[in-house]
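The values are calculated or read from the model by the stated rules, or taken from the named source; none is laboratory data. Remember, predicted model here, so these are calculated numbers, not experimental data. Cβ atoms come from the backbone with ideal geometry, glycine included; neighbour counts cover every protein chain shown. Side chains are part of the model used for accessible areas, which takes the heavy atoms of the whole protein and leaves out ligands, DNA and RNA. Shrake-Rupley method; radii C 1.70, N 1.55, O 1.52, S 1.80 Å.
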Amino acid sequence: MDTDLTPGVTIDLVRRSMTLSAGEKRHLRGRLEATSTTTGIVGLTQRIRCLNASGATVPVVAASARNHEGSDTTTYATPGHLPLYADLLFTAPAAGTYTCVLQGTAYSSLPGSYHLTAVASNTWLESDDTDRTGARWWQNPACESDDSAGACTYLGGGAARPDAWVFYDDGTPVYKWQAHPDAVSVSAQANLELTTCYQGTASCAASMEVYPRGKNAVVDARFELVQLDATGHACRTNSVTARRTITDDAHHAVGYSFLTDVPIDPACGTRTFLLRIYVKHVSGQTVKIDGIQSGATSLTNGIAFNNFN
């Protein structure tokens, strides 16, 4: 049924239980579509959280966030309906039954009574039915919501960097993924969450806040899956590009990139791959690349998969 999201309360929306062997992997994808009872701006975060039989969260929580810009918004595919997606590669740490939950949280400082509503027909949680053998998860480093410690990566002018390689030179240990010997091809995806740093926001280090609200930001992003040669250098680069605008009203915005059925070139001499995202600031507000919050919640992440048939 449609479920109301009252600001400040995290609501469980959909559950799925799975009985897995130790080390089994599942790709979970969640979609939360929300409407609003106000024309004001209300923050929205969705999470995929997996629990063991004792009810404890198993380490990684996948999340995405964006402000709902109001019931009168016409820029969404369906006016007034904001969709968010999140992805998680879950690996069972031990044999047992796990329950994965799609959660929604609304938050705002607006006065009065209002709420968001998760739309039943368009809010869901799906998962694989079989093991994702050899799949790999990437996440970038710690970056708290307010970044009081100044640990986040920023792109823009002034003190910010002009560009960055996510999962490559942002403090993430570079990982060389080995495609399975029996894989006929590979696929990969990445979710990149960015936040605009307008003056007065509570979501960025103060030194990165250059312009007043309303400037917005434009960035270029290139998602790459690079097959390496025997010397560790690039042999074949597969990529997809996108120019993204993040408005100050949306404030947080996640972009989704996919590379499907990428051939494994035998001429490269290895089945080794790098996964990374090149992000370049084009204009407007400085942006923060969101990362791990509270030690467990991942807002920017990637997954590589083996394809066996």
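Could you list, in sequence order, the residues of the stretch 243-267 that are open to solvent by 50 Å² or more (accessible area, probe 1.4 Å) and either over 29 Å from Gly43 (Cα atoms) or in a strand (DSSP E or B) (or both)?
Residues satisfying the conditions are Arg243, Thr245, Tyr256, Phe258, Thr260, Asp261, Pro263, Pro266, Ala267.
On the basis of being open to solvent by less than 30 Å² (accessible area, probe 1.4 Å), more than 21 Å from the chain's Cα centre (by Cα) and closer than 15 Å to Val186 by Cα, does Thr237 make the cut?
Judged against the criteria, Thr237 is not a match.
Can you tell which of Gly200, Gly214, Gly232 is assigned to a loop (DSSP other than H, G, I, E, B), free of Cβ contacts under 8 Å to residues at least 60 places away in the same chain and within 30 Å of Asn306 (Cβ to Cβ)?
Every option except Gly232 fails the conditions.
Please go through the stretch 8-42 and pick out each residue that is among the small types (Gly, Ala, Ser) and more than 16 Å from the chain's Cα centre (by Cα). Even if it seems obvious, please write down each step before you answer.
Of the residues in the stretch 8-42, the ones among the small types (Gly, Ala, Ser) are 8, 17, 21-23, 30, 34, 36, 40.
Within the stretch 8-42, Gly8, Ser17, Ser21, Ala22, Gly23, Ala34, Ser36, Gly40 qualify.
Test Ser17 against the stated conditions and say whether it is modelled with pLDDT of 95 or more and open to solvent by 70 Å² or more (accessible area, probe 1.4 Å).
Spelling it out, Ser17 is indeed modelled with pLDDT of 95 or more and open to solvent by 70 Å² or more (accessible area, probe 1.4 Å).
Is it fair to say Ser145 is assigned to a loop (DSSP other than H, G, I, E, B), open to solvent by less than 20 Å² (accessible area, probe 1.4 Å), farther than 29 Å from Phe273 by Cβ and among the polar types (S, T, N, Q)?
Here the answer is no, as Ser145 does not meet what is asked.
Please count how many residues of the stretch 78-131 are part of a strand (DSSP E or B), open to solvent by 50 Å² or more (accessible area, probe 1.4 Å) and polar (S, T, N, Q).
Here the count works out to 3.
Search the stretch 215-234 for residues being surrounded by fewer than 17 Cβ atoms within 10 Å (Cβ to Cβ) and touching a Ser or Thr at 6+ places or on another chain (Cβ under 9 Å), and hand back the single one that is farthest from Ala179 (Cα to Cα).
Restricting to residues being surrounded by fewer than 17 Cβ atoms within 10 Å (Cβ to Cβ) and touching a Ser or Thr at 6+ places or on another chain (Cβ under 9 Å), the top hit is Val218.
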